[in-house]
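**Student:** Following this message is one structure expressed as structure tokens.
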């Protein structure tokens with residue numbers, strides 16, 4: 001038997017020995033250590049390394065729909081003159097399992113849009129001061145980072161009141177003009 | 001049975017060890033970085049609990065459709081798919097979207113480099129998370145120590161005389177390695193950053209039609225009647241029309257035909273109901289500076305919003321009147337042209 005083959009056989013026996021395999025198993029710790037040390041946690045959980053299969057689900061209106069709630073469709077008014085306003089209450093819910101904060105952006109179209117103002121109140125009747133959006137131009141009305149909270153044990157929900165106003169000093173050139181607006185609500189896990 | 005169990009365990013340990021070494025070497029040589037995915041926003045491609053491997057690449061190498069891990073706000077990492085890329089040079093502005101999300105992330109990410117995910121393994125993230133916890137560390141270190149002990153321990157089982165390695169050295173080496181690895185794991189666990197929220201959802205709500213009022217003229221032209229003009233009373237022209245809308249008032253201007261000179265202007269308001277009569281008396285005192293008869297004037301009536309006078313009807317009712325010297329009465333105003 002050539003010396004080389006003998007050495008190979010001896011190495012194979014050594015490599016398969018209990019000691020060698022036991023020493024090799026230390027490598028598992030090395031792998032775990034490397035991976036754990038370098039691992040970046042990404043997604044929607046926390047440093048406690050909890051995993052979640054949860055979700056968030058923003059719903060609008062009393063019908064709890066994703067889009068086109070009946071409430072804002074009633075934000076319609078013909079024959080507006082300076083000082084006219086129209087209001088509606090819009091319920092917003094999170095029927096998912098994660099808490100979220102949400103933002104709103106407005107896209108408005110039509111010649112009248114430039115003259116309209118939007119106020120959003122944190123109540124159902126548009127009473128008091130508009131704390132969410134204060135008399136902003138409809139074309140640029142927005143808010144962000146509003147946490148949706150609810151009473152303990154209940155679905156997180158709140159009702160906002162929207163008021164669209166044609167200000168008293170609106171220009172006469174807006175006569176006969178029309179507008180529509182779409183509010184886009186985007187929720188992100190808080 | 002014990003022997004089989006021991007052999008199996010040793011073999012499994014050795015395989016795990018080789019994998020671990022391969023993983024550590026690969027991470028080092030190819031710059032791969034493990035990413036534990038803790039939410040389902042990239043599902044179903046990358047499910048919750050997956051372990052992904054990412055390689056850092058320059059921003060210019062990124063393409064739409066790549067799955068990247070980038071730092072979000074507050075040092076939290078987000079793993080999402082690139083929806084669009086803007087910018088040139090070293091910096092790129094990324095719009096990211098989770099596979100399972102209806103909308104793109106509100107936040108834009110400005111990056112000069114990003115970790116591009118090259119592979120992912122379901123459930124491995126769960127395993128790594130468990131192994132990285134104190135209980136997992138204890139079990140894995142304990143397991144390896146038990147294997148070492150059973151291989152080098154009592155010596156009841158045959159120590160191979162041909163063993164190349166000296167008897168003490170591997171044990172000492174192993175203890176040192178275990179200590180180093182344990183310290184590494186501990187350091188790794190303590191530096192794991194909390195991750196940013198990655199779920200988004202979107203809803204839209206539209207208004208109905210919002211329409212502004214258009215100011216309208218009275219439906220019919222003003223009627224003109226001659227009033228006064230008998231002895232002792234000056235004659236004047238009275239214009240009468242129907243009130244169109246309770247929100248309205250009426251502006252008038254009187255201009256001299258020929259030179260267009262405005263000789264009178266003003267507003268007539270009324271508290272009357274819709275369709276009640278509104279009148280404007282065009283007298284000589286209204287037409288200041290008019291001294292002679294035989295001059296034509298146009299009286300123009302327009303509707304306005306009484307609360308917002310800049311809202312004025314586009315159209316006009318025009319009524320022609322004229323001045324006239326009446327015997328025994330004097331200078332008067334009469335309907336129609338001279």
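The values are calculated or read from the model by the stated rules, or taken from the named source; none is laboratory data. Quantities reported herein were computed from a predicted structural model and do not represent experimental measurements. Counting neighbours? That spans all protein chains shown, and the Cβs are built from the backbone with ideal geometry, glycine included.
Yes/no per residue for (1) farther than 26 Å from residue A:189 by Cα; (2) modelled with pLDDT of 80 or more:
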residue	(1), (2)
B:92	no, yes
B:99	no, yes
B:115	no, yes
B:120	no, yes
B:126	no, no
B:129	no, no
B:153	yes, no
B:165	yes, no
B:178	yes, no
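**Student:** Restricting to the stretch A:60-82, count the residues that are more than 7 Å from chain B (Cβ to nearest Cβ) and either touching a residue at least 60 places away in the same chain (Cβ under 8 Å) or part of a strand (DSSP E or B) (or both).
**Tutor:** Narrowing the stretch A:60-82 to residues more than 7 Å from chain B (Cβ to nearest Cβ): A:61-65, A:70-71.
So of that shortlist, the ones also either touching a residue at least 60 places away in the same chain (Cβ under 8 Å) or part of a strand (DSSP E or B) (or both) come out as A:65.
Selection size over the stretch A:60-82: 1.
**Student:** Test residue B:52 against the criterion of being within 36 Å of the chain's Cα centre (by Cα), at the interface with chain A (Cβ under 9 Å from one of its Cβ atoms) and assigned to a strand (DSSP E or B), and give yes or no. Break it down into steps so the answer makes sense when it comes.
**Tutor:** Numbers: within 36 Å of the chain's Cα centre (by Cα): yes; at the interface with chain A (Cβ under 9 Å from one of its Cβ atoms): yes; assigned to a strand (DSSP E or B): yes.
It is true that residue B:52 is within 36 Å of the chain's Cα centre (by Cα), at the interface with chain A (Cβ under 9 Å from one of its Cβ atoms) and assigned to a strand (DSSP E or B).
**Student:** Consider residue A:168 against the criteria (1) within 8 Å of another protein chain (Cβ to nearest Cβ); (2) farther than 30 Å from residue B:40 by Cβ; (3) in contact (Cβ under 8 Å) with a residue 24 or more places away in the chain; (4) surrounded by 14 or more Cβ atoms within 10 Å (Cβ to Cβ): it satisfies all of them except one. Which criterion is unmet?
**Tutor:** (4) is the only condition that residue A:168 fails.
**Student:** A further question on this structure: Check the stretch A:133-154 and report whether any residue there is free of Cβ contacts under 8 Å to residues at least 60 places away in the same chain, in a loop (DSSP other than H, G, I, E, B) and crowded, with 20+ Cβ neighbours inside 10 Å.
**Tutor:** yes
The rows are residues; the columns are (1) out of contact with any strand residue (DSSP E or B) (no Cβ under 9 Å at 6 or more places or on another chain); (2) within 16 Å of residue B:124 (Cα to Cα); (3) in contact (Cβ under 8 Å) with a residue 12 or more places away in the chain.
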site: B:25; (1), (2), (3): yes, no, no
site: B:38; (1), (2), (3): no, yes, yes
site: B:60; (1), (2), (3): no, no, yes
site: B:63; (1), (2), (3): no, no, yes
site: B:67; (1), (2), (3): no, no, yes
site: B:80; (1), (2), (3): no, no, yes
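**Student:** So residue B:9 clears everything in (1) facing chain A (nearest Cβ under 7 Å); (2) buried (at least 17 other Cβ atoms within 10 Å of the Cβ); (3) out of contact with any helix residue (DSSP H, G or I) (no Cβ under 6 Å at 6 or more places or on another chain) except one condition, right? Which one?
**Tutor:** (1)
**Student:** Tally time: how many residues in the stretch B:229-247 are exposed (fewer than 15 other Cβ atoms within 10 Å of the Cβ) and modelled with pLDDT under 85?
**Tutor:** The total comes to 4.
**Student:** Also, quick follow-up: Could you tell me how many of the residues in the stretch A:1-52 are more than 7 Å from chain B (Cβ to nearest Cβ) and modelled with pLDDT of 60 or more?
**Tutor:** Our first condition is that a residue be more than 7 Å from chain B (Cβ to nearest Cβ); within the stretch A:1-52, this holds for A:1-9, A:11-13, A:15-16, A:20, A:48, A:50.
The next check asks that each one be modelled with pLDDT of 60 or more; those that pass are A:1-9, A:11-13, A:15-16, A:20.
Number of matching residues: 15.
**Student:** Which ones in the stretch B:204-262 are within 30 Å of residue A:104 (Cβ to Cβ) and assigned to a strand (DSSP E or B)? Break it down into steps so the answer makes sense when it comes.
**Tutor:** Within the stretch B:204-262, the subset within 30 Å of residue A:104 (Cβ to Cβ) is B:204-213.
The answer is B:204, B:205, B:206, B:210, B:211, B:212.
**Student:** Output yes when any residue across the stretch A:91-108 is touching a helix residue (DSSP H, G or I) at 6+ places or on another chain (Cβ under 8 Å), closer than 17 Å to residue A:73 by Cβ and outside any strand (DSSP E or B), and no when none is.
**Tutor:** No, because not a single residue in the stretch A:91-108 is touching a helix residue (DSSP H, G or I) at 6+ places or on another chain (Cβ under 8 Å), closer than 17 Å to residue A:73 by Cβ and outside any strand (DSSP E or B).
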